[in-house]
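Visitor: Quick one: the structure is below, questions incoming.
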Amino acid sequence: MLRINREIRDRIVAHARRDHPDEACGIVAGPLGSDRPERFVEMANAERSPTFYRFDSMEQLKVWREMDDRDEEPVVVYHSHTATEAYPSRTDISYASEPNAHYVLVSTRDPEAGPEDIEFRSYRILDGEVTEEPVEVVDAY
């Protein structure tokens, strides 16, 4: 199960809506081994595409080095889908390289969806196998 602070969830949703019609992407870092997403890191979609995302390699290197320096790991890796449901595509699955991460997808296909109604789903992706997990939104850890 993913336990996520409401403020961080809202920031992920706001980023996804702001970048629409392109896919948004980023991570939420947390202390090594904690499984607690604490530090929101919005990243640029190097593809600037409505159907695909890719972290900019230089930005990703900087963010991962910063996490190393802070004894953190990517607890959440997120991106948005702009015209489809919040479910990992074949490409998303093939790029999932963080075995301990929660892969969060947000669908911005319904512009009328309210903040609590937007599709916000989390998955574990390991060796190409996708498992959806519950999301618990909390006000504080």
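The values are calculated or read from the model by the stated rules, or taken from the named source; none is laboratory data. Remember, predicted model here, so these are calculated numbers, not experimental data. Cβ sites come from the backbone with ideal geometry, for glycine too, and all protein chains shown count toward neighbours. For accessibility, only protein heavy atoms count, side chains too; no ligands or nucleic acids. Shrake-Rupley method; radii C 1.70, N 1.55, O 1.52, S 1.80 Å.
Visitor: Where does the charge balance sit around ASP19 when Lys and Arg score +1, Asp and Glu -1, over other residues with C-beta under 12 Å from its C-beta?
Guide: Once positives and negatives cancel, what remains is -1.
Visitor: Based on DSSP H runs of at least 4 residues, each adding -39500 (n - 2.57), what is the mean residue ellipticity at 222 nm of the chain after dividing by all its residues, to the nearest 500 deg cm²/dmol?
Guide: The per-residue figure over the chain is -7000 deg cm²/dmol.
Visitor: Which shape class, rounded, prolate or oblate, goes with the range 85-141 when its Cα gyration tensor gives a ≥ b ≥ c as root eigenvalues, a/c under 1.5 marks rounded, and past that a/b bigger than b/c marks prolate?
Guide: Cα axes put the range 85-141 in the oblate bin.
Visitor: With a 1.4 Å probe and every protein chain left in place, work out the accessible area per residue of the chain in Å², rounded to a whole number. Before the final figure, lay out the partial values.
Guide: Working: 7650 Å² over 141 residues.
Accessible area per residue, the chain: 54 Å².
Visitor: Any idea of ILE125's accessible area? Nearest 10 Å², probe 1.4 Å.
Guide: We get 10 Å² for ILE125.
Visitor: Using a 1.4 Å probe on the protein chains only, how many percent of the accessible area of the chain belongs to carbon and sulfur?
Guide: 46
Visitor: First select every other residue whose beta carbon is under 10 angstrom from the beta carbon of THR51; then total the charges, Lys and Arg +1, Asp and Glu -1.
Guide: -3
Visitor: Once you've got the GNM for the chain with C-alpha springs shorter than 10 Å, pick whichever of ALA86, ALA14, ALA101 has the biggest mean-square fluctuation.
Guide: Highest fluctuation among the options: ALA14.
Visitor: What Kirkwood hydrodynamic radius, in Å, does the chain give when the mean of 1/r is taken over all pairs of distinct Cα atoms and then inverted?
Guide: Value: 15.0 Å, from the Cα pair sum.
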